[in-house]
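The values are calculated or read from the model by the stated rules, or taken from the named source; none is laboratory data. Note that the coordinates shown come from a computational prediction; the quantities given were computed from them, not determined experimentally. Quick reminder, even Gly has a Cβ in these numbers, built from the backbone with ideal geometry, and neighbours come from all protein chains shown.
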Amino acid sequence: MLTPRTQAIRASLFARPRQIDLERALLYTESWKQTEGEPVVVRRAKALRHILESHEIVIDEYDLIAGNRTRTPRAGVLSPEMSPYWILDELDLFPTRPQDTFEMSEADKRTYRDELYPYWAGRSLNDWYRANLPARAAEAQKTRIFSVAQTDKGQGHIIADLPSVLSRGLGDIAAEAHRRAEGMPGNDFYQAAVICVDATIAYVRRYEAECRRLAEAAAPARAAELLRMADTLAHVATEPARDLADALQLVWLTEVTLEHESNASSISLGRADQYLWPYYQASVAAGQGAADIRELLQCFYLKTNTIVFVRSTESAKSFAGFPSGFNLVVGGVDAEGNDASNELSRLLLDVQKDTRLPQPNLSLRVFSGTPDDLYHEAGEVIRLGDGIPQVFNDEVNVPAFMRRGVSLADARDYAVVGCVELSIPGRMYGLHDISMFNMVRCLEIAMHARPHGYESFDALEDAVEKTIDAYVGLMAEGCNACDEAHRETSPTPLLSVLVADSMEKGADITAGGARYNPSGVQGVGTANLADSLYAIKRAVFEEKALSWEDLLAMLDRDWSGAGDEAWRQRLVTRYPKYGNDVDEVDEIGRRFLEHYGREVECHANPRGGRFQPGSYTVSAHIPLGEACGATPDGRHAHEQLADGGLSPMVGRDTHGPTASLRSVSKLDNVLDSNGSLLNVKFSPSTLAGERGLAKLEAYLRAFSRLHIQHIQFNVVDRATLLDAQAHPEDHADLVVRVAGYSAMFVELSKAVQDDIINRTEHVL
Amino acid sequence: MCSEADSAITAIVTNVQRFSLHDGGGIRTVAFLKGCPFRCPWCCNPENLSFLPEVSMNERLCIRCSPRPDGRLCERSPEECPTGAKTILGRERTVDDLVDEVGRDRVFFEESGGGVTLSGGEALAREAFATEFLARCKAAGMGTALETTLALPLTDAGALVEATDVFLVDFKIADRERSRALTGIDPDVRDANLRTILDLGAKVIGRMPIIPGYTDGRENVAACAARLIELGIRRVDVLPFHQLGEGKYDALGHAYACRGMRQLSEEDVVPIVDMLERGGISTVVSGE
């Protein structure tokens, strides 16, 4: 349960509409104007220092942890230094756009138009990117097969070395920076490192001073709290953490500072149950009560919801609803391969029952030795219906990293950034979300290249593969231009200090300073591609029931001709689909996702790393589907693609959740070392009671044994059931559980459907 | 109907339902054999009454791909139906084929303590197939359950008991004459079989569908309970009446005696559960 304090904090997060806040942009620009001619990494450090010295710091009435990025919670921070263009285009749209709205004052709009835009036009990261993007890669993006991300925003998608910050303290890190800078005065990165770390220490002290100032006027109880916070801040400004209060305060201010530096999505939290464990133990040993510890963790969880990330309208379609990416991982193996979980792992899951918010994005790592009670705790939280925690599988993810040359100990320490991207905390700058690749578009291009068809199904498959190969190469060129744009215009020296081995190498992570340097690109559309090719194989090549020309014509007119709908339905229902444990069609999915991955691996990036494949969509299956016409799997033009990444197409997995796991297990999941995503849907009643929970746990253990990377659960709500009643064709996969029996929803009479709908609402 | 002898070892299977959470413990796959010699008016699996494949037409999925003036029935064959609205229920399967299919979820069975449940229709109407199938599943390491009336003569009770981890045996109408008249089931045949398999060491769970007007009377429940006690069966699943079969009767064009009858909730069966529990029988209401 939330306490009165944390209830008040939670309410304050949503008390007012989200604002656009120009403070950081103005401070950044002010500094930038004064540092013309200096090395870019030093300019970035000085800009950060200026922000940390000058932005308004706020300590709320109830805070136990200090650190705010913006004056009001959940405000949107614009980064014209990344790209001033989309912001100008959308200035008037922030309050009304379909997804992720913000309010913005007329005065701020004027400031943006008159001061910020004119300065940054021609100077931004986006300008560098466009000037250096090879023409053919620019041209290729017009096909909408891929589009390079992070060309108008910070890179993010990384985990700082938080354990070192806690155990060494900022003072020791600053001392190292000074020592190295003095030893190598010509190294710009070291100069920048000194500026950044010193500025961070001063920033922590600003909060200390603010706490002391507020304490003077506060009521006695609150004054005592503020003075305790001030003492904590005074200590962690330079020294290692002593207990949980120190550790959470230092982690949070580190995160806030890194957000000030790059204004990026997904500067994630890593394995908090591991690095917080000694401090938690110290707090318990010192006699701090369970209720106090729980409240402190609630405060920390709520803080992660104070930062949201403004995206362009286009980007918000793919990443709808502020996935700010404070991903927090518990469980998994330790460096020796034994169970790493502890009491704090369970507590960190349990606190979600109190806060019930999207951040932190909790992830549970499991392996063959994960204790039953940890599954049980996770199952209880999953059943709440928030889709939290998601579950990751060491049995495949550790080998996946080792295939990429990551050491065994580092691989066993993996965590998650953003949504589902796998990363090595504090050691990897992985450009994990640099592009998505639409394999379904490649099918369309290959089909339309031959109006009279291919001589065989094999020839069609070859043509799709060659199309994939050509565009993967062009995607890599585009990603590399973006990679270099960050190096040339937007290094992140503070983040680099906190990522091994940048200090040893004397190089910013954008210039290859990290120990591990992959670029991650997601292959999307496995399900639709497999379903489409299998339908073509059977209907066109084997049964010869449908001519190539007729198929193309139906696709081109989006099934609008006479008799087309019967054909569309036939293609949907008469040919097996990926996700039903049917080997013939699953094999096509396996073949193409593997082919994509093998092609991706052939390409190198400018940081000395290589490209690696992943497969997730977040919400991008909607816009990626918009880019595609009708497809031979019976999908309408512009309709969404399969969600998730590895999930079956919505409504097409009719054989239940065990069959879909089996289908996914046939893919080469070790190959997708950047991370993949599987959504599974349950009705609330399926998971009800101790027996339902036991089955969910068994399902998760089976998932681990099947060597699938990731899984997350949707617990189906009333709205879905109503939609299923109106559009049964879209919900053929929906299994409902009533009166002790499971049944396919669409096969029930309306009266019984109504009954289930009503009861489900009761359950929820 | 063909005889066991010349059908080798195949049976008509209507459905293999994976991730079935009922009909035995854990995550289960239920295989439904087509055909039942009995006729319970409330049957929720009417597609498994006839021993032969039959055509089902789900009007709710029909897109009227061919003209059907005056509300006439669709004249197209199931093979021509684009949506699967009209479909043939039941396909001849070999034991090998069916064991392979249910074996796909072995990982889930192992992790949940689940397994395979053979159901129907009346699976023991194909006793040789049922025994062989369950034996093969068990040999492959899967848990096995058989859902049955047990009211048919058994050819080889020993082999069946060997192959079956748990029998789920119906206790519907206790009075012999009334049972034979309404359902065709002879409880005396069942009880003789029960004594045989219990003597052979079978684990048996009783199943009591609670159907208003048919099985829910106090007298009937008491008589069933007495019989259970007498046989030494101390666990019963109580199954409140539901209408999940209604749509299937429509699709098959069969008459349905319980159309529109109210479904029962868990609360509705509380008095019956109390009665059974007082008699020393532990119950699970399959409704949670």
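Of note:
- Flag for A:G169 being part of a helix (DSSP H, G or I) and among the small types (G, A, S): yes
- Residue list for segment B:101-140, filter: away from every other protein chain (no Cβ under 14 Å) and not hydrophobic (A, V, I, L, M, F, W, C): B:G120, B:G121, B:E122, B:R126, B:E127, B:T131, B:E132, B:R136, B:K138
- Of note, B:R136 satisfies the criterion of being part of a helix (DSSP H, G or I) and more than 19 Å from the chain's Cα centre (by Cα).
- Summed over segment B:161-186, residues that are without any contact (Cβ under 8 Å) to a residue 24 or more places away in the chain and among the hydrophobic types (A, V, I, L, M, F, W, C) total 1.
- If only residues of segment B:161-204 that are of a type in the set (K, R) and crowded, with 20+ Cβ neighbours inside 10 Å are counted, the one that is nearest to B:A135 (Cα to Cα) is B:R190.
- Filtered residue count, segment B:218-237, keeping only those that are more than 18 Å from B:D268 (Cβ to Cβ) and either assigned to a loop (DSSP other than H, G, I, E, B) or within 9 Å of chain A (Cβ to nearest Cβ) (or both): 3
- The numbered conditions (1) surrounded by fewer than 20 Cβ atoms within 10 Å (Cβ to Cβ); (2) closer than 30 Å to A:E488 by Cα; (3) modelled with pLDDT under 95; (4) not acidic (D, E) are all true for A:A75 except (1).
- A:R590 being more than 13 Å from chain B (Cβ to nearest Cβ), among the basic types (K, R) and within 35 Å of the chain's Cα centre (by Cα): yes
- Within segment B:238-253, tally of residues that are surrounded by 15 or more Cβ atoms within 10 Å (Cβ to Cβ) and either assigned to a loop (DSSP other than H, G, I, E, B) or facing chain A (nearest Cβ under 8 Å) (or both): 11
- Checking A:Q99 against (1) of a type outside the set (F, W, Y); (2) over 26 Å from the mean Cα position of the chain (by Cα); (3) in a loop (DSSP other than H, G, I, E, B); (4) more than 28 Å from A:G506 (Cα to Cα), the condition it does not meet: (2)
- Yes/no for B:E162 being part of a helix (DSSP H, G or I), under 18 Å from B:T117 (Cβ atoms) and either of a type in the set (D, E) or under 17 Å from the mean Cα position of the chain (by Cα) (or both): yes
- Residue in segment B:265-283 that is modelled with pLDDT of 90 or more, farther than 26 Å from B:V161 by Cα, within 13 Å of chain A (Cβ to nearest Cβ) and within 19 Å of the chain's Cα centre (by Cα) present: no
- Residue in segment B:102-112 that is hydrophobic (A, V, I, L, M, F, W, C), more than 24 Å from B:T283 (Cβ to Cβ) and part of a loop (DSSP other than H, G, I, E, B) present: no
- Check on A:L64, under 21 Å from A:D198 (Cα atoms) and buried (at least 20 other Cβ atoms within 10 Å of the Cβ): no
- Criterion applied to A:A241, A:A217, A:A247, A:A193 was being over 27 Å from A:S283 (Cβ atoms), buried (at least 20 other Cβ atoms within 10 Å of the Cβ) and among the hydrophobic types (A, V, I, L, M, F, W, C), and the one residue passing it is A:A193.
- Only one of A:K666, A:K695 that is in contact with a Lys or Arg (Cβ under 6 Å, 6 or more places away or on another chain) and either more than 16 Å from B:F108 (Cβ to Cβ) or of a type outside the set (D, E) (or both): A:K666
- Selection count, segment B:54-78, where residues are within 28 Å of the chain's Cα centre (by Cα) and within 13 Å of chain A (Cβ to nearest Cβ): 7
- Hits in segment A:184-215 - residues which are farther than 15 Å from A:E53 by Cβ and among the polar types (S, T, N, Q): A:N187, A:Q191
- Contact map, segment A:556-570: residues that are at negative phi paired with residues that are among the basic types (K, R), Cβ distance under 8 Å, separation 6+ or inter-chain. Pairs shown: A:D564/A:R557.
- Check on B:T215, touching a strand residue (DSSP E or B) at 6+ places or on another chain (Cβ under 9 Å), part of a strand (DSSP E or B) and in contact (Cβ under 8 Å) with a residue 12 or more places away in the chain: no
- A:S663, sole failed condition from (1) surrounded by fewer than 24 Cβ atoms within 10 Å (Cβ to Cβ); (2) within 14 Å of chain B (Cβ to nearest Cβ): (1)
- A:K577 meets all of the listed conditions (1) farther than 23 Å from A:I434 by Cα; (2) surrounded by fewer than 24 Cβ atoms within 10 Å (Cβ to Cβ) but one, namely (2).
- Summed over segment A:681-722, the residues that are at pLDDT below 95, within 13 Å of another protein chain (Cβ to nearest Cβ) and either in a helix (DSSP H, G or I) or surrounded by fewer than 19 Cβ atoms within 10 Å (Cβ to Cβ) (or both) give a count of 13.
- A:W252 vs. criteria among the aromatic types (F, W, Y) and closer than 30 Å to A:A149 by Cα: yes
To keep it simple, each residue is scored yes or no on (1) touching a Ser or Thr at 6+ places or on another chain (Cβ under 7 Å); (2) away from chain A (no Cβ under 13 Å).
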site: B:T10; (1), (2): yes, yes
site: B:V13; (1), (2): no, yes
site: B:V16; (1), (2): yes, no
site: B:I27; (1), (2): yes, no
site: B:G35; (1), (2): yes, yes
site: B:F38; (1), (2): yes, yes
site: B:P41; (1), (2): no, yes
site: B:N45; (1), (2): no, no
site: B:L52; (1), (2): no, yes
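- Residue within segment B:223-230 that is under 18 Å from the mean Cα position of the chain (by Cα) and not aromatic (F, W, Y) present: no
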